[in-house]
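Worksheet for the structure shown next.
The values are calculated or read from the model by the stated rules, or taken from the named source; none is laboratory data. Just so we're clear, the structure is a prediction, and the values are computed from it rather than from any experiment. For neighbour counting, all protein chains shown are included, and Cβ atoms are generated from backbone atoms with ideal geometry for every residue, glycine included.
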Ligand SMILES: [Zn+2]
(Lines give C-alpha, C1' and ligand atoms only; values in the text may rest on other atoms or scores of the structure.)
Protein backbone atom coordinates (compact mmCIF):
# COMPACT_ATOMS: atom_id res chain seq x y z
CA UNK A 1 0.00 0.00 0.00
CA UNK A 2 2.89 2.38 0.62
CA UNK A 3 5.55 3.44 -1.90
CA UNK A 4 8.52 1.05 -1.73
CA UNK A 5 10.89 3.46 0.01
CA UNK A 6 8.39 4.12 2.79
CA UNK A 7 7.78 0.39 3.17
CA UNK A 8 11.55 -0.19 3.47
CA UNK A 9 11.85 2.49 6.15
CA UNK A 10 8.93 0.97 8.07
CA UNK A 11 10.79 -2.35 8.09
CA UNK A 12 13.94 -0.55 9.34
CA UNK A 13 12.10 1.11 12.22
CA UNK A 14 10.44 -2.17 13.21
CA UNK A 15 13.91 -3.52 14.07
CA UNK A 16 14.05 -1.10 17.00
CA UNK A 17 13.02 -2.26 20.47
CA UNK A 18 9.41 -1.49 21.33
CA UNK A 19 8.47 -0.41 17.79
CA UNK A 20 5.62 -2.33 16.16
CA UNK A 21 4.00 -1.96 12.74
CA UNK A 22 1.66 0.92 13.69
CA UNK A 23 4.34 2.95 15.46
CA UNK A 24 6.81 2.38 12.62
CA UNK A 25 4.24 3.63 10.11
CA UNK A 26 3.55 6.71 12.18
CA UNK A 27 7.25 7.53 12.58
CA UNK A 28 8.05 7.09 8.90
CA UNK A 29 5.04 9.13 7.77
CA UNK A 30 6.12 11.88 10.16
CA UNK A 31 9.64 11.88 8.77
CA UNK A 32 8.24 12.01 5.25
CA UNK A 33 6.90 15.48 6.09
CA UNK A 34 10.25 16.83 7.29
CA UNK A 35 11.98 19.53 5.27
CA UNK A 36 15.00 18.69 3.09
CA UNK A 37 17.62 19.95 5.55
CA UNK A 38 16.30 17.88 8.43
CA UNK A 39 16.02 14.79 6.25
CA UNK A 40 19.58 15.18 4.96
CA UNK A 41 20.93 15.69 8.47
CA UNK A 42 19.10 12.58 9.70
CA UNK A 43 20.50 10.53 6.82
CA UNK A 44 24.07 11.71 7.33
CA UNK A 45 23.90 11.12 11.10
CA UNK A 46 22.87 7.54 10.39
CA UNK A 47 25.57 6.96 7.79
CA UNK A 48 28.25 8.55 10.02
CA UNK A 49 27.22 6.57 13.08
CA UNK A 50 29.47 3.54 12.64
CA UNK A 51 32.55 5.47 11.56
CA UNK A 52 32.23 8.06 14.35
CA UNK A 53 31.98 5.76 17.34
CA UNK A 54 34.55 3.50 18.91
CA UNK A 55 35.22 1.82 22.21
CA UNK A 56 37.38 3.46 24.89
CA UNK A 57 40.76 1.71 24.80
CA UNK A 58 40.85 1.62 28.59
CA UNK A 59 37.34 0.65 29.67
CA UNK A 60 35.53 -0.40 26.47
CA UNK A 61 32.75 2.21 26.79
CA UNK A 62 31.09 3.49 23.62
CA UNK A 63 32.67 6.89 22.88
CA UNK A 64 33.91 9.09 20.05
CA UNK A 65 37.36 9.51 21.62
CA UNK A 66 40.31 7.13 22.10
CA UNK A 67 39.86 7.41 25.86
CA UNK A 68 36.38 8.19 27.16
CA UNK A 69 35.52 11.23 29.28
CA UNK A 70 35.08 9.08 32.41
CA UNK A 71 38.54 7.50 32.16
CA UNK A 72 40.04 10.94 31.53
CA UNK A 73 38.31 12.59 34.47
CA UNK A 74 40.75 13.08 37.35
CA UNK A 75 37.92 13.93 39.71
CA UNK A 76 36.64 10.37 39.45
CA UNK A 77 38.05 7.58 41.56
CA UNK A 78 40.17 5.77 38.99
CA UNK A 79 40.92 3.00 41.51
CA UNK A 80 37.31 1.85 41.74
CA UNK A 81 36.09 -0.10 38.72
CA UNK A 82 32.50 -1.14 38.14
CA UNK A 83 32.25 -4.05 35.70
CA UNK A 84 29.15 -4.12 33.49
CA UNK A 85 28.01 -6.14 30.49
CA UNK A 86 27.12 -3.29 28.17
CA UNK A 87 27.59 0.45 27.55
CA UNK A 88 23.83 0.85 28.16
CA UNK A 89 24.42 -0.17 31.78
CA UNK A 90 26.98 2.62 32.17
CA UNK A 91 24.54 5.19 30.80
CA UNK A 92 21.84 3.92 33.21
CA UNK A 93 24.14 4.21 36.24
CA UNK A 94 25.52 7.59 35.15
CA UNK A 95 21.96 8.92 35.09
CA UNK A 96 21.66 8.22 38.82
CA UNK A 97 24.55 10.65 39.47
CA UNK A 98 25.70 8.68 42.51
CA UNK A 99 28.71 6.70 41.30
CA UNK A 100 32.03 8.47 40.87
CA UNK A 101 34.42 5.64 40.07
CA UNK A 102 35.14 4.24 36.61
CA UNK A 103 33.67 1.40 34.59
CA UNK A 104 34.74 -1.59 32.60
CA UNK A 105 32.46 -2.79 29.80
CA UNK A 106 32.68 -6.51 29.00
CA UNK A 107 30.62 -6.35 25.78
CA UNK A 108 28.50 -9.29 26.79
CA UNK A 109 28.24 -12.03 29.40
CA UNK A 110 29.41 -15.59 29.51
CA UNK A 111 26.65 -17.63 27.85
CA UNK A 112 27.55 -21.19 26.94
CA UNK A 113 24.20 -21.71 25.18
CA UNK A 114 25.29 -19.05 22.66
CA UNK A 115 28.91 -20.16 22.65
CA UNK A 116 30.10 -17.00 24.42
CA UNK A 117 33.12 -17.81 26.57
CA UNK A 118 35.23 -15.57 28.81
CA UNK A 119 37.84 -15.24 26.05
CA UNK A 120 35.21 -13.54 23.87
CA UNK A 121 34.72 -10.77 26.41
CA UNK A 122 36.74 -7.61 27.14
CA UNK A 123 38.49 -9.25 30.11
CA UNK A 124 42.21 -8.98 29.23
CA UNK A 125 41.99 -5.18 29.35
CA UNK A 126 40.34 -5.48 32.78
CA UNK A 127 43.09 -7.75 34.08
CA UNK A 128 45.68 -5.14 33.14
CA UNK A 129 43.79 -2.51 35.20
CA UNK A 130 43.33 -4.68 38.29
CA UNK A 131 46.83 -4.24 39.79
CA UNK A 132 46.29 -0.50 40.21
CA UNK A 133 42.78 -0.77 41.62
CA UNK A 134 41.35 -0.88 45.12
CA UNK A 135 37.85 -2.10 44.39
CA UNK A 136 36.22 -4.11 41.65
CA UNK A 137 32.43 -3.85 41.76
CA UNK A 138 30.85 -6.63 39.72
CA UNK A 139 27.63 -5.17 38.39
CA UNK A 140 26.56 -7.82 35.91
CA UNK A 141 22.85 -8.64 35.69
CA UNK A 142 21.08 -10.88 38.19
CA UNK A 143 20.55 -13.46 35.43
CA UNK A 144 22.22 -16.88 35.06
CA UNK A 145 24.69 -15.39 32.58
CA UNK A 146 25.40 -12.41 34.86
CA UNK A 147 26.03 -14.76 37.78
CA UNK A 148 28.29 -17.07 35.73
CA UNK A 149 30.36 -14.11 34.58
CA UNK A 150 30.61 -12.73 38.13
CA UNK A 151 31.82 -16.08 39.44
CA UNK A 152 34.37 -16.37 36.64
CA UNK A 153 35.82 -12.93 37.45
CA UNK A 154 35.85 -13.67 41.16
CA UNK A 155 37.91 -16.82 40.66
CA UNK A 156 40.15 -15.16 38.06
CA UNK A 157 41.16 -12.40 40.49
CA UNK A 158 41.06 -14.29 43.78
CA UNK A 159 44.87 -14.05 44.22
CA UNK A 160 44.86 -10.30 43.53
CA UNK A 161 44.83 -7.64 46.23
CA UNK A 162 41.76 -5.93 44.80
CA UNK A 163 38.64 -5.90 46.94
CA UNK A 164 35.82 -7.58 45.00
CA UNK A 165 32.22 -6.55 45.66
CA UNK A 166 28.91 -7.40 44.00
CA UNK A 167 25.95 -5.07 43.62
CA UNK A 168 23.54 -5.49 46.51
CA UNK A 169 20.58 -6.39 44.42
CA UNK A 170 17.39 -4.80 45.51
CA UNK A 171 16.91 -5.91 41.93
CA UNK A 172 14.64 -8.91 41.49
CA UNK A 173 16.25 -12.17 40.35
CA UNK A 174 16.72 -12.11 36.60
CA UNK A 175 16.69 -8.30 36.51
CA UNK A 176 18.68 -6.41 33.95
CA UNK A 177 20.50 -3.30 35.09
CA UNK A 178 19.53 -1.13 32.16
CA UNK A 179 15.82 -1.64 32.83
CA UNK A 180 16.00 -0.93 36.57
CA UNK A 181 14.57 2.30 37.89
CA UNK A 182 16.97 4.89 39.28
CA UNK A 183 16.17 4.39 42.98
CA UNK A 184 16.73 0.64 42.68
CA UNK A 185 20.07 1.25 40.96
CA UNK A 186 21.18 3.76 43.60
CA UNK A 187 20.30 1.29 46.38
CA UNK A 188 22.03 -1.58 44.57
CA UNK A 189 25.27 0.43 44.32
CA UNK A 190 25.05 1.67 47.92
CA UNK A 191 24.38 -1.82 49.25
CA UNK A 192 27.15 -3.58 47.40
CA UNK A 193 28.63 -6.45 49.37
CA UNK A 194 31.88 -8.29 49.64
CA UNK A 195 31.82 -11.02 47.02
ZN1 LIG B 1 36.91 4.67 29.33
Exercise. What is the residue count in region 21-71 for residues that are over 24 Å from the mean Cα position of the chain (by Cα) and in contact (Cβ under 8 Å) with a residue 12 or more places away in the chain?
Worked result: 7
Problem set entry | residue 98 being in contact (Cβ under 8 Å) with a residue 24 or more places away in the chain, outside the structural domain of residue 131 (by TED's automatic domain parsing) and away from the ligand (no atom under 16 Å from the Cβ) | no
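In the list 186, 164, which residue meets the criterion of being more than 23 Å from residue 125 (Cα to Cα) and modelled with pLDDT of 75 or more?
Numbers: 164 fails: more than 23 Å from residue 125 (Cα to Cα).
From the options 186, 164, the qualifying one is 186.
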Exercise. For residue 98, which of the numbered conditions (1) assigned to a loop (DSSP other than H, G, I, E, B); (2) more than 21 Å from residue 190 (Cβ to Cβ) fails to hold?
Worked result: (2)
Exercise. Of the numbered conditions (1) out of contact with any helix residue (DSSP H, G or I) (no Cβ under 6 Å at 6 or more places or on another chain); (2) surrounded by 11 or more Cβ atoms within 10 Å (Cβ to Cβ); (3) closer than 21 Å to residue 164 by Cβ, residue 53 satisfies every one except a single condition; which is it?
Worked result: (3)
Problem set entry | Which numbered condition residue 89 misses (of (1) within 16 Å of the ligand (Cβ to nearest atom); (2) in contact with a helix residue (DSSP H, G or I) (Cβ under 8 Å, 6 or more places away or on another chain); (3) outside any helix (DSSP H, G or I)) | (3)
Seminar exercise, completed: Note on region 108-117: residues surrounded by 15 or more Cβ atoms within 10 Å (Cβ to Cβ) and farther than 24 Å from residue 191 by Cβ are 108, 110, 111, 116
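Condition check: buried (at least 17 other Cβ atoms within 10 Å of the Cβ) and within 22 Å of residue 56 (Cβ to Cβ). Does residue 81 satisfy that?
The answer is yes for residue 81.
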